[in-house]
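Report on the following structure.
The values are calculated or read from the model by the stated rules, or taken from the named source; none is laboratory data. Small disclaimer: the values here were computed from a predicted structure and weren't measured. Using ideal geometry, Cβ is built from the backbone for each residue, glycine included, and neighbour counts are taken over all protein chains shown. We work out accessible area using only protein heavy atoms, side chains counted, and drop any ligands, DNA or RNA first. Shrake-Rupley method; radii C 1.70, N 1.55, O 1.52, S 1.80 Å.
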Amino acid sequence: MKKKINQSLNYKLAVTGVLGALSIVLALTPLGYIQLGGLIVITVMHIPAILSTLTAGLVPGIAVGTIFGLTSLIRAVMTGGGGNPFFMNPLVSVLPRMLFPIAVYYINKAFCLIPHFPKTVAASLSAAFGTLCHTMLVMLSIYIIYGEALMQGLSQTFQKFGFDMAGFNAVTGYFAMISVMELTNGLWEILGAVVIVTAVMGSMYAVSGRKSKLSKLEEETENNEEEIR
């Protein structure tokens with residue numbers, strides 16, 4: 001039992017180390033933040049946190065998510081905020097990234113409770129909903145801290161396109177922000193997460209299935225040899 005516990009701990013530490021290092025590499029290279037056009041920036045930085053949650057559990061997921069958040073904060077500070085000064089605030093850049101792996105973990109557990117539900121599909125859906133939760137948490141933190149200034153800007157923008165802003169309140173304002181994000185960055189980030197997580201988790205489950213069959217075959221062979229003896 002002690003050996004199994006140590007192996008499990010070592011595995012979690014290894015996954016956290018590898019995917020945490022990957023997060024740092026992505027943050028230091030253009031691969032982490034992909035620029036599309038002049039305004040749209042798509043991040044794949046959330047994917048290592050999703051993978052660590054699905055493969056090693058909640059604590060490794062939160063750890064890698066925290067690394068993601070810290071690299072985002074450092075990047076924002078080093079660039080003076082760049083095009084998004086909100087991320088210079090750790091409540092925007094770090095806290096949501098620590099929390100969204102919790103959503104990934106429990107969404108995946110919920111799907112796995114469904115009898116005969118494919119694990120790869122559960123992982124893919126967890127990646128999709130987890131990415132959406134990540135966007136919503138980041139936008140919520142921005143909205144709570146900088147909401148008034150943002151709402152003024154959004155209101156002016158929507159009015160230019162002829163939208164009636166009479167019913168524009170705190171709730172509708174927040175969901176307006178989410179809608180804008182999902183129509184620009186969000187859909188691409190969800191698609192990227194689903195494709196990568198499906199490929200990685202599908203391969204892992206396939207290898208795990210082969211190992212299980214091989215183990216059963218070895219056990220049957222050993223039992224047959226013992227019977228012959």
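Taking the options E182, E220, name whichever one is open to solvent by 60 Å² or more (accessible area, probe 1.4 Å), farther than 20 Å from T55 by Cα and at pLDDT below 80.
E220
Could you count how many residues in the stretch 1-54 are at pLDDT below 75 and not charged (D, E, K, R)?
Result for the stretch 1-54: 11.
Restricting to the stretch 56-82, give me the number of residues that are touching a Leu at 6+ places or on another chain (Cβ under 8 Å) and over 16 Å from H46 (Cβ atoms).
Final tally of qualifying residues: 0.
Just to verify a result, which residue in the stretch 185-217, among those that are open to solvent by 70 Å² or more (accessible area, probe 1.4 Å) and under 30 Å from G147 (Cα atoms), is modelled with the highest pLDDT?
So, considering only residues that are open to solvent by 70 Å² or more (accessible area, probe 1.4 Å) and under 30 Å from G147 (Cα atoms), the one modelled with the highest pLDDT is L191.
If you go through the stretch 78-96, how many residues are open to solvent by less than 60 Å² (accessible area, probe 1.4 Å), touching a residue at least 40 places away in the same chain (Cβ under 8 Å) and part of a helix (DSSP H, G or I)?
Count: 3.
Within the set of pairs 6+ apart or on separate chains, which have a first residue in the stretch 97-115 that is within 20 Å of P48 (Cβ to Cβ), a second that is in a loop (DSSP other than H, G, I, E, B) and among the aliphatic types (A, V, I, L, M), and C-beta atoms under 9 Å apart?
What qualifies is R97/M45.
Here is a list of conditions, (1) open to solvent by 60 Å² or more (accessible area, probe 1.4 Å); (2) outside any helix (DSSP H, G or I); (3) at negative phi; (4) not polar (S, T, N, Q), and H116 meets all of them except one; can you say which number that is?
(3)
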